[in-house]
Amino acid sequence: GKTQVKGDIKVANLDAPVLDINLPEIRIAFADIRPFDPSLDVLPVDGRFAGKANVKGNTNKLSTIKADVGISELRYGKAKITGTLGVENLDRPNFHFAIKSPYLNIDELLGEETEDEKAPKEEENEEKSGNPHGLGADVRRQLAKVSGKGSLDVGRAVFQDMTFKNFKGRLVMKNGVVNFKALDFDIYGGHISAAGSSFNLPARHTEYSLK
């Protein structure tokens, strides 16, 4: 296939592995990896990734883990994504990302749901019937530990069959509460600017403030 990975992988103390992974050249063709697991079928068959990655830390002490990924090119269909993303301290994750793309079709990237996935499960119905938030209690507890910041710039984005143009987002998250320092986009012939909006993701019921 067209997939290639070059770099160094060092692992010390196999009882509690300490990782030092440096991969300066990663090239992955999605068609090469899709056969390995059915869950990878969501990846566009024509997609590919080029970039680099670094992972360091003691797997027995999640607070020491740090991972960074550089995206030289993430391409599928008409989309070409570049940028960086990373996370550190998996006990209380702190993330960062900076993503740019002239075109981004999120529906295409996520793939089509199967009929089984669309069919509501009894357990999910029980959870959602008493929780308009739509997120499970375990997920909310995990989100309450998450902080970070990110930026997203997209010339034209498609999500749930809606088209957004000139999308610019700047967000800061602290303990699961997201604050948008900038949120601008064009849609349906108009312009929306919602800087200052916030979302409390760990809340039992949806808490949001739109500006």
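Since every read-out is calculated from the coordinates, none of them should be taken as a lab result. The structure displayed is predicted, hence computed values, not measured ones. With ideal geometry, Cβ positions are generated from the backbone for all residues, glycine too; neighbour counts draw on all protein chains shown.
Could you go through region 186-203 in sequence order and give the Karplus-derived ³J(HN,Hα) for each residue, using 6.51 cos²θ - 1.76 cosθ + 1.60 with θ = phi - 60°, rounded to whole Hz, and x for Gly and Pro?
So the Karplus estimates, Gly and Pro as x, are 9, 7, 6, x, x, 10, 10, 10, 10, 4, x, 5, 9, 9, 9, 6, x, 5 Hz.
What percent does the relative contact order of the chain come to when contacts are Cα pairs within less than 8 Å and at least six residues apart?
Values: 496 pairs, mean separation 25.1, N = 211.
Reported relative contact order: 12 percent.
Net charge around A144, counting only other residues with Cβ within less than 14 Å of its Cβ (Lys, Arg = +1; Asp, Glu = -1)?
Values: positive: R92, R140, R141, K145, K174, R204; negative: D91, D138, E207.
Summing Lys and Arg as +1 and Asp and Glu as -1 gives +3.
For volume of the Cα convex hull per residue in Å³, the choices are (1) 122; (2) 155; (3) 182; which was calculated from the structure?
So the calculated entry is the one marked (2).
Between F164, F199, F36, find the one with the highest GNM mean-square fluctuation for the chain; connect C-alpha pairs within less than 10 Å.
Comparing F164, F199, F36 in the GNM, the peak value goes to F36.
Under 5 Å between amide hydrogens, which residues at least 5 positions from Y103 or on another chain qualify, with H placed 1.01 Å from N in the peptide plane?
Here K80, G155, R156 satisfy the definition.
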